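Only the coordinates and a few stated rules stand behind these numbers; no lab work does. Model, not experiment: these values are computed from the prediction. Backbone-built Cβ (ideal geometry, glycine too); neighbour counts: all protein chains shown.
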Ligand SMILES: O=C[C@H](O)COP(=O)(O)O
């Protein structure tokens, strides 16, 4: 299982989380990555943890004020990027453009979607992975794997029907090792989570719990 920790814009210490994630990944052998604010990518990557961007725009270099360049986040140390997160929705053409921009920059891609139908659609764009996240469960206390297991299994089927090479992650409300194991049993090969770590009093303990059943 891959555990991708999105720090969103939470007021946590990205270096504290990154250092803990690096240590827990090394001790457990579980792949863990941290996705900080774009401005923090360089110093998070310097900790040695696998580092992802939260978003990249479809455009390349040029007159695009305020854009987040795939090339720039890669240069800063990111090795992957989220695209179309529920809190950073894009038009379909821009999802396609962002996937292509990320691939040109050598970034691994994970495209987020609300439901299995959207998972099928975005899988056709050729990302490395997709993540299904019901918006109503994001930031809550109930794991998607418990509240709506069918959405995970249907997302796995929807992606496989389009491209069997696309990995399927799930997210929303995941915070414990039991949640991770349940998601794995449903067919997910990774977890996308945020508040369970970024808002935890002890992010290191939260990460240790997440990998405890793997
Ligand atoms: O990117 C992470 C997801 O939106 C899940 O967030 P959450 O773990 O706070 O529910």
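For this structure, a couple of remarks:
- Quarter of Cα convex hull surface for the stretch 93-214, i.e. mean projection, nm²: 7.6 nm²
- Restricted to Cα atoms, the chain shows a radius of gyration and a Dmax of 15.8, 48 angstrom.
- Here the convex hull built on the C-alpha positions of the stretch 1-128 has a volume of 107 cubic angstrom per residue.
- When you count the other C-beta atoms within 10 angstrom of each residue and take the mean per peptide, 105-115, 81-91 line up highest first as 105-115, 81-91.
- Spin-label model, residue 59/residue 204: points 7 Å from Cα along the beta carbon direction are separated by 4.3 nm.
- Here the extension length gained between residue 87 and residue 161 equals 24.0 nm, from 0.36 nm per residue of separation less the Cα-Cα distance.
- Here the contact order of the stretch 91-132, divided by its residue count and restricted to Cα pairs under 8 Å and six or more residues apart, works out to 38 percent.
- Our estimate of slack between residue 146 and residue 212, defined as 0.36 nm per intervening residue step minus the Cα-Cα distance, is 22.0 nm.
- What separates the Cα centres of the stretch 42-57 and the stretch 142-183 is a distance of 24 Å.
- Sorted peptide list for 17-30, 64-77, criterion being average Cβ within 10 angstrom, highest first: 17-30, 64-77
- Computed over the alpha-carbon pairs of the stretch 84-140, the distance histogram in 10 Å steps reads 25, 56, 18, 1 percent, short to long.
- Contact order relative to length of the stretch 1-112, as percent, for alpha carbon pairs under 8 angstrom and 6 or more apart: 22 percent
- The chain - percent relative contact order, Cα under 8 Å, separation 6 or more: 20 percent
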